[in-house]
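Note sheet for the following structure.
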Amino acid sequence: MDKINETQIGEAVSEALRIGGNDNGKLFARKLNIKVSLSDDPVWTCARCRRHHLHRSAGICTKCFGPLTSLQTSTCDLIWNSNYLAFSATSGREPIRLHSEELTAQTDDQVGRQRLFRGVSINLPTSERPPIRIVDEIDVLSVTTTMEVGVDIGNLQAVLLANMPPMRFNYQQRVGRAGRRNQAFSVVLTLCRGRSHDEFYFAHPFRITGTLHPHLL
Ligand SMILES: [Zn+2]
C-alpha cells in the first residue's frame, strides 16, 4: 500500500468533519449519522488480534494495524452471542442504574452524599433543584480511609478494598459494614497489590481476620 502523507490525511479528515457540520474536530452527536447494526450485517474480524470491525476499515485493523481481510468473516448476530455486553443489550435485559460517586475529605457536601447513598432524597431549602430519586440516589460510593471512623453510611451489600488494610482492626472496621441487619448475603473483596505487606496477608489470610489482639498475645 502506498504511504499517505500524514498532514494530507489529517486535513482530509478535518475537512470531512467540517463539511458534516463538526467544526474544529469537535463532534456534535446530532450531526453524526449513526447506523445501528442489524443482526445480519457483515463483520470483518482481524486474523491477528481478533478485533471485530463493522466496516472494511480500509483494509487495516484499527487495533494492531495489520491487514484486514476484504471478505466478511461473520455477521453481527454471531458476534452478539459471544460478547457479554452485546448479549445484554440485544437480549432485552432490563437496564439497571449504577450511580457511582466518591466521598473524601475534599467532598463539598459530604452529608448530602451520604444521605443519597442511603437512599434518602429530600428537598432542602439549600438544594439547587428538587431531588430526582432515580437520578440522584447513589449505588456505589468510592471512599478514602477517612470513612473508617465517625461516618455512618448504613448497611452495605458489598465492600471492595483496593489494598490490604494495615492492621486487623482496620480490616474488620471496613468489612464489618457489610452484611448487617437482615441481609442474607454480602460480599467483601480485597485486592492484594504486589507489595510485601499485601502479599504477606494474601499468603496468610488468617492473620488479617483472626489473630488475637496484641494485648492478648
Ligand atoms: Zn488486528
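From the Cα gyration tensor of the chain, with a ≥ b ≥ c the square roots of its eigenvalues, which class applies: rounded if a/c is under 1.5, or else prolate if a/b is larger than b/c, or else oblate?
prolate
Can you check what the net charge comes to around S121, using other residues whose Cβ is under 9 Å from the Cβ of S121 (Lys, Arg +1; Asp, Glu -1)?
0
In segment 100-216, with Lys and Arg counted as +1 and Asp and Glu as -1 at Cβ, which of these residues, P165, A184, S127, has the Cα nearest the positive end of the dipole, that is, farthest along it?
Among P165, A184, S127, the one farthest towards the positive end of the dipole of segment 100-216 is A184.
Scan the chain and report its longest stretch carrying no chymotrypsin sites (Phe, Trp or Tyr not before Pro) that are both in a DSSP loop and have at most 11 other Cβ atoms within 10 Å.
66-184
7 Å from Cα along Cα→Cβ at both L98 and I19: what's the point-to-point distance in nm?
4.0
How many percent of the accessible area of segment 6-90 is carbon or sulfur, using a 1.4 Å probe?
Whole-percent figure for carbon plus sulfur exposure: 58.
So if I take the centroid of the Cα atoms in segment 12-43 and the same for segment 155-210, what is the distance between those two points in Å?
Centre-to-centre (Cα) distance: 47 Å.
Please check which bits of segment 64-80 a label hung off A47 would reach, taking the label as a point 7 Å along Cα-to-C-beta and the cut-off as backbone N under 15 Å.
Those under the cut-off are 65-74.
Between F87 and Q157, with labels modelled 7 Å along Cα→Cβ, what's the label distance in nm to one decimal, could you check?
A separation of 2.1 nm, rounded to one decimal place.
Would you list, by chain and number, the aspartates and glutamates whose Cα falls below 16 Å from the Cα of K26, excluding same-chain residues fewer than 8 positions away?
E11, E15
Which Cα, out of Q110, T75, A86, lies furthest along the positive dipole direction of segment 34-183 (beta carbon charges, K/R +1, D/E -1)?
T75
Taking amide H atoms as placed 1.01 Å from N in the peptide plane, list the residues 5 or more away in sequence, or in a different chain, whose amide H sits under 5 Å from that of L103.
Excluding prolines and chain starts, which carry no amide H, the hits are S142, V143, T144.
Under unit Cβ charges (Lys, Arg +1; Asp, Glu -1), what dipole magnitude, rounded to 20 debye, does the chain have relative to its Cα centre?
Magnitude of the dipole: close to 440 debye.
Highest first, please rank the peptides 89-102, 12-25 by the mean number of other Cβ atoms sitting within 10 Å of their residues.
Ranked from most to least packed, the peptides come out as 12-25, 89-102.
Taking the chain as a Gaussian network, Cα atoms linked when under 10 Å apart, which of G59, G179, G119 shows the biggest mean-square fluctuation?
Ranking G59, G179, G119 by mean-square fluctuation puts G59 first.
Computed FRET efficiency, Cβ-Cβ of T144 and R30, R0 35 Å: what is it to the nearest 0.05?
0.35
Compute, for T62, the solvent-accessible surface of its heavy atoms (probe 1.4 Å) with the complete set of protein chains present, and express it in square angstrom to the nearest 10.
Accessible area, nearest 10 Å²: 70 Å².
Given the DSSP H assignment, sum -39500 (n - 2.57) over each helix run of at least 4 residues in the chain and divide by its residue total; what's the result at 222 nm in deg cm²/dmol, nearest 500?
Rounded to the nearest 500, the figure is -7000 deg cm²/dmol.
Given charges of +1 on the Cβ of Lys and Arg and -1 on the Cβ of Asp and Glu, with all other atoms neutral, how large is the dipole of segment 100-216 about its Cα centre, in debye to the nearest 20?
460
Could you sort H213, H197 by accessible area so the largest value comes first, with the probe set to 1.4 Å?
Result, largest first: H213, H197.
Less than 12 Å Cβ to Cβ from K31, Lys/Arg counted +1 and Asp/Glu -1: what total charge do the surrounding residues give?
+2
Cα gyration tensor of segment 6-90, axes a ≥ b ≥ c as square roots of the eigenvalues: rounded (a/c below 1.5), prolate (a/b > b/c) or oblate?
Oblate.
What number comes out for the charge environment of M164, summing +1 per Lys or Arg and -1 per Asp or Glu over other residues with Cβ under 11 Å away?
Summing Lys and Arg as +1 and Asp and Glu as -1 gives +3.
List the residues whose amide H sits under 5 Å from the amide H of M164, counting only those 5 or more places along or on another chain, with H placed 1.01 Å from N in the peptide plane.
R193
The values are calculated or read from the model by the stated rules, or taken from the named source; none is laboratory data. On a predicted model such as this, the values are computed, not experimentally measured, just so you know. In this analysis, Cβ positions are derived from the backbone assuming ideal geometry, glycine residues included, and neighbour counts consider all displayed protein chains. Ligands, DNA and RNA are excluded from the accessible area calculation, which covers all protein heavy atoms including side chains. Shrake-Rupley method; radii C 1.70, N 1.55, O 1.52, S 1.80 Å.
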